[in-house]
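Below is one structure; the comments refer to it alone.
The values are calculated or read from the model by the stated rules, or taken from the named source; none is laboratory data. Remember, it's a predicted structure, so these values are computed and weren't measured experimentally. So basically every Cβ, Gly included, is an ideal-geometry build from the backbone, and we count neighbours across all protein chains shown.
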Amino acid sequence: MLELRRLRLLKELHERGTIAAVAEALRFTPSAVSQQLAVLEAEAGVRLLERAGRGVRLTDPALVLVEHATMLLEGAERAEAELAAAAGGVTGRARVAAFQSVALRLATPAMQALADTAPGLRCELIEAEPERSLPALALGDIDLVLADEWDGRPHARPAGVERVDLRREPMRAILPEHHPAADDRAVSLADLAAEHWTTGHPGTPWEEATIRACRELGGFDPDIRHHTNDAVISLVLVAHGLAVTLLPDLVMWGGSPGVVVREIAEGDISRTIYAATRTADAARPSTQALLAAVHEAGAALW
């Protein structure tokens, strides 16, 4: 009889690539993982692993077993979720991954509410961008992901993951409060062509959206002088008159000293904020409570 615990190790090895990564994720020692995989190999009666350089790779029979393991493990997860639903209590551990602004405006208020309404639920927050948090969700390392997706840059959705869109929001022009265009209700990006800019690191959605907005709406390539993934740093640069930037509404919620927020006259570049959970966890009370708390936090904002 093949045990689910050992099948999970094989599936994790297929997805994570190395025994060391499996051991780190599951809080085992690498030797313990290797021993359990050796036992699984003996139970299966076929060779499952073979040497590949300094590591190992799965054999063809192992890949067949991984397909069955995936179905069996998903069935076990659904059974656990339905059992938890039948029990009715909101308990256990809830790991929430969110990027900075959503962590501040949505995740934290949601967890604060759950501390009162579901004191038996242990909530944990992990700051992470969607590129890292979505795969972690699919692997079971995270229970709820709060993510954003920018126009023209869709995320690949891992198998077994459900998505609920929360809000679509446009980017705004952020200017020093004494900027010549600060008195206008809407700012033409074309009028900012000579400005210095601050935005995210190269290759990030924020940087790409900024460049695309300036090119498509303003007709120029921005002179990006400052790169940071921390919007607070960019806002300080703007407040000191060292740059202008583009940021979504949620980042600017409540305002920031020394800057003004203006609509873009030529149109908008937007992003969608959404929540993602595992399909197998749909019936789990903790998952339902998390989603409800996030929706309530969003309703208070918007």
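Among the listed residues Val22, Val46, Val39, which satisfies the condition of being among the aliphatic types (A, V, I, L, M), more than 26 Å from Arg95 (Cα to Cα) and without any contact (Cβ under 8 Å) to a residue 24 or more places away in the chain? Talk me through it step by step, then tell me what you get.
On the way: Val22 fails: more than 26 Å from Arg95 (Cα to Cα); Val39 fails: without any contact (Cβ under 8 Å) to a residue 24 or more places away in the chain.
Of Val22, Val46, Val39, the one residue that is among the aliphatic types (A, V, I, L, M), more than 26 Å from Arg95 (Cα to Cα) and without any contact (Cβ under 8 Å) to a residue 24 or more places away in the chain is Val46.
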Just to confirm my filter: which strands (runs of 3 or more DSSP E) fall fully inside the range 213-302 and include at least 2 residues that are farther than 21 Å from Glu131 by Cα? 223-227, 245-248, 259-264
With the condition being over 24 Å from Ile142 (Cβ atoms), I'd like the helices (runs of 4 or more DSSP H) fully within the range 1-79 carrying at least 3 qualifying residues. 30-44
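Met111 - would you say it is buried (at least 17 other Cβ atoms within 10 Å of the Cβ) and modelled with pLDDT of 95 or more?
Values: buried (at least 17 other Cβ atoms within 10 Å of the Cβ): yes; modelled with pLDDT of 95 or more: yes.
Here the answer is yes, as Met111 does meet what is asked.
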Here the qualifying pairs (Cβ atoms under 8 Å; residues six or more apart or on different chains; first in the range 53-67 and without any contact (Cβ under 8 Å) to a residue 60 or more places away in the chain; second among the small types (Gly, Ala, Ser) and part of a loop (DSSP other than H, G, I, E, B)) come out as Gly55/Gly17
With farther than 30 Å from Met71 by Cα, touching a residue at least 60 places away in the same chain (Cβ under 8 Å), more than 15 Å from the chain's Cα centre (by Cα) and surrounded by fewer than 18 Cβ atoms within 10 Å (Cβ to Cβ) as the only criterion, which of Arg185, Arg172, Arg215, Arg225 stands out? Arg185
